[in-house]
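Enquirer: Below is one structure. I have some questions about it.
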Amino acid sequence: MTLSQLIIGVLGGTGPQGRGLAYRWALGGLSVVIGSRDAERARGVAAALGERSGSQRVRGAENFGCAAESDLVLVAVPFVGHATLLAALREPLAGKVVIDCVNPLGFDNRGPYAQHVPEGSAAQQAEALLPGSRVTAAFHHVSAVLLDDPAVTSVDTDVLVLGEDREATDLVRALAEVIPGVRGVYGGRLRNAGQVEALTANLIAINRRYKAHAGLRITNL
């Protein structure tokens, strides 16, 4: 199946990152389901995104319904609720490609820092909780501000895609490239997701210092 035939679910689609990615995929003509703990809130965000993007292929649902309806699912929730949510959705996510873009970060008066995750990374935690799913990791470093800004027509960044299943990582790379200006780059196996997630703390520090929305480019490919 092609991306245009798939339903893309966004768990945490009412938050900045999930909403921004959903907006870009809706602009690209894909079918998107916004997931939230609050179905009414999800439907409200979906209606707003549909109006902004001109798409009639965006709808909202409670998280379980979003996972059940979708063929390909992005996880974009705060790390504090990551494990609980995925454990509850193991059954509807079975057999599906799951993209984890969660960054386990902490903040103190010295700035952002990477939190310790016993499994090694949020993506590896997802892999442990979803043994029947094809877990990948991607979209950690794309600015939610740029994604959500209709005036930004091209997002200047690469998306590192990690995973064990080559077919799944190729699909996620293609999903990244639906967003104008973005290139999907295979970044290794899921065991390497920890340093990718942690690098987000460096990007936040860069953006604070330079008042920017910096991304990453991999050179010489």
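Since every read-out is calculated from the coordinates, none of them should be taken as a lab result. No experiment lies behind these values; they were computed from the predicted model shown. In this analysis, Cβ positions are derived from the backbone assuming ideal geometry, glycine residues included, and neighbour counts consider all displayed protein chains.
Enquirer: Specify which of the listed residues (Thr157, Thr169) is within 17 Å of the chain's Cα centre (by Cα), over 21 Å from Asn207 (Cβ atoms) and of a type in the set (S, T, N, Q).
Expert: Checking each option against the conditions leaves just Thr169.
Enquirer: Answer yes if at least one residue in the range 14-23 is farther than 29 Å from Gly120 by Cβ and in contact (Cβ under 8 Å) with a residue 12 or more places away in the chain, and no otherwise.
Expert: yes
Enquirer: Moving on to the next point. Assess whether Ser143 counts as being surrounded by 14 or more Cβ atoms within 10 Å (Cβ to Cβ) and closer than 15 Å to Val102 by Cα.
Expert: So Ser143 passes the test.
Enquirer: Exactly one of (1) at positive phi; (2) of a type outside the set (Val, Ile, Thr); (3) out of contact with any Lys or Arg (no Cβ under 9 Å at 6 or more places or on another chain) is unmet by Arg41. Its number?
Expert: So the condition that Arg41 fails would be (1).
Enquirer: Could you check the range 114-132 and list, in sequence order, the residues that are surrounded by 24 or more Cβ atoms within 10 Å (Cβ to Cβ) and among the polar types (S, T, N, Q)?
Expert: Ser121
Enquirer: Can you tell me which of (1) among the aliphatic types (A, V, I, L, M); (2) outside any loop (DSSP other than H, G, I, E, B); (3) over 25 Å from Gly28 (Cα atoms); (4) in contact (Cβ under 8 Å) with a residue 24 or more places away in the chain is the one Ala128 doesn't meet?
Expert: Against the list (1) among the aliphatic types (A, V, I, L, M); (2) outside any loop (DSSP other than H, G, I, E, B); (3) over 25 Å from Gly28 (Cα atoms); (4) in contact (Cβ under 8 Å) with a residue 24 or more places away in the chain, Ala128 comes up short only on (4).
Enquirer: Could you figure out which of (1) in a loop (DSSP other than H, G, I, E, B); (2) within 24 Å of Ala83 (Cα to Cα) isn't true of Val135?
Expert: Exception for Val135: condition (1).
Enquirer: Could you tell me whether the range 27-49 includes any residue that is more than 17 Å from the chain's Cα centre (by Cα), crowded, with 17+ Cβ neighbours inside 10 Å, closer than 22 Å to Ala128 by Cα and not charged (D, E, K, R)?
Expert: no
Enquirer: Still on this structure: Take the residues in the range 171-198 that are among the small types (Gly, Ala, Ser) and in a strand (DSSP E or B), then tell me which one is surrounded by the fewest Cβ atoms within 10 Å (Cβ to Cβ).
Expert: The residue in question is Gly188.
Enquirer: Follow-up question, since we're still on this one. Check whether at least one residue in the range 199-208 is within 16 Å of the chain's Cα centre (by Cα), crowded, with 17+ Cβ neighbours inside 10 Å and among the aliphatic types (A, V, I, L, M), and report yes or no.
Expert: Within the range 199-208 (the criterion being within 16 Å of the chain's Cα centre (by Cα), crowded, with 17+ Cβ neighbours inside 10 Å and among the aliphatic types (A, V, I, L, M)), the answer is no, since none of the residues qualifies.
Enquirer: Take Asp108 and tell me if it is among the acidic types (Asp, Glu) and in contact (Cβ under 8 Å) with a residue 12 or more places away in the chain.
Expert: no
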